[in-house]
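Novice: Have a look at the structure that comes next, please.
All of the numbers you see were taken from the coordinates with simple rules; none came from a lab. In this text the structure is predicted, and so the values were computed from the model without any measurement. Here Cβ is always computed from backbone atoms with ideal geometry, including for glycine, and neighbour counts include all displayed protein chains.
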Amino acid sequence: MSEDELLEAVLTLAKLLRWRRYHVRNSRAGIIQGDIGFPDLVLVRAPRVIFAELKDGKGRLGPTQAAWLADLLECPAVGVYLWRPKDWLDGTIDKVLR
């Protein structure tokens, strides 16, 4: 499962479960919107807010991505996740979003 396939699967499930979804557009294409390293997804379904970085099975966090996730982890009112295809396949993402 590629990162793009994982993204589509998560967005589809989140829509089905009525989460508001914001996806940071493809920075790999050279289009930077906002701060470099900001997580791929922001999901909101009151009272919950989730920030999720998506990677394929071999992808590594860059330093700015790791810094964003570390700072967000210091905020107790939000969920912060690094999701990979294994998290989709084993049902972890489904459990978080339900």
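Novice: Can you compute the helix-only [θ] at 222 nm over the chain? Use -39500 (n - 2.57) per DSSP H run of at least 4 residues, normalise by all residues, nearest 500 deg cm²/dmol.
Specialist: After summing the helix terms and dividing by residue count, I get -10500 deg cm²/dmol.
Novice: Among Trp88, Trp83, rank each residue by its count of other Cβ atoms within 10 Å, from fewest to most, as a rough exposure measure.
Specialist: Trp88, Trp83
Novice: Restricting to bridges with both residues inside the chain, how much of the DSSP beta-bridge set is antiparallel, in percent to the nearest 5?
Specialist: 65 percent
Novice: List every residue whose amide H lies under 5 Å from the amide H of Gly79, counting only residues 5 or more places away in sequence or on a different chain, with H placed 1.01 Å from N in the peptide plane.
Specialist: HN-HN under 5 Å from Gly79: Val49, Ile50, Phe51.
Novice: Something else now. What ranking do Glu53, Glu74 get, fewest neighbouring Cβ atoms within 10 angstrom at the top?
Specialist: Glu74, Glu53
Novice: Right, here's the next one. Can you tell me, using C-alpha contacts under 8 Å and at least 6 residues apart, the relative contact order of the chain as a whole percent?
Specialist: 29 percent
Novice: Another question, then. Residue by residue through the range 65-70, what is 3J(HN,Hα) from phi via Karplus (6.51 cos²θ - 1.76 cosθ + 1.60, θ = phi - 60°)? Round to whole Hz and write x for glycine and proline.
Specialist: 3J(HN,Hα) across the range 65-70, in whole Hz: 5, 4, 5, 4, 5, 4.
Novice: Return a single number: how many Lys pairs in the chain, at a sequence separation of 8 or more or on separate chains, have alpha-carbon atoms below 20 angstrom apart.
Specialist: Counting lysine pairs in the chain gives 5.
Novice: Arrange the following residues from fewest to most other Cβ atoms within 10 Å of their Cβ: Phe38, Phe51.
Specialist: The order, fewest Cβ neighbours first, is Phe38, Phe51.
Novice: Still on this structure: Which log10 I(q)/I(0) values does the chain give at q = 0.16, 0.18 Å⁻¹ under the Debye formula, counting every alpha carbon as one identical point scatterer?
Specialist: -0.65, -0.84
Novice: Quote the charge dipole size of the chain about the Cα centre in Debye, to the nearest 20; the model charges only the Cβ of Lys and Arg (+1) and of Asp and Glu (-1).
Specialist: Charge dipole, the chain, about its Cα centre: 320 debye, nearest 20.
Novice: Beta carbons within 10 angstrom, averaged per residue: use that to sort the peptides 57-63, 5-11, 17-23, highest first.
Specialist: 5-11, 17-23, 57-63
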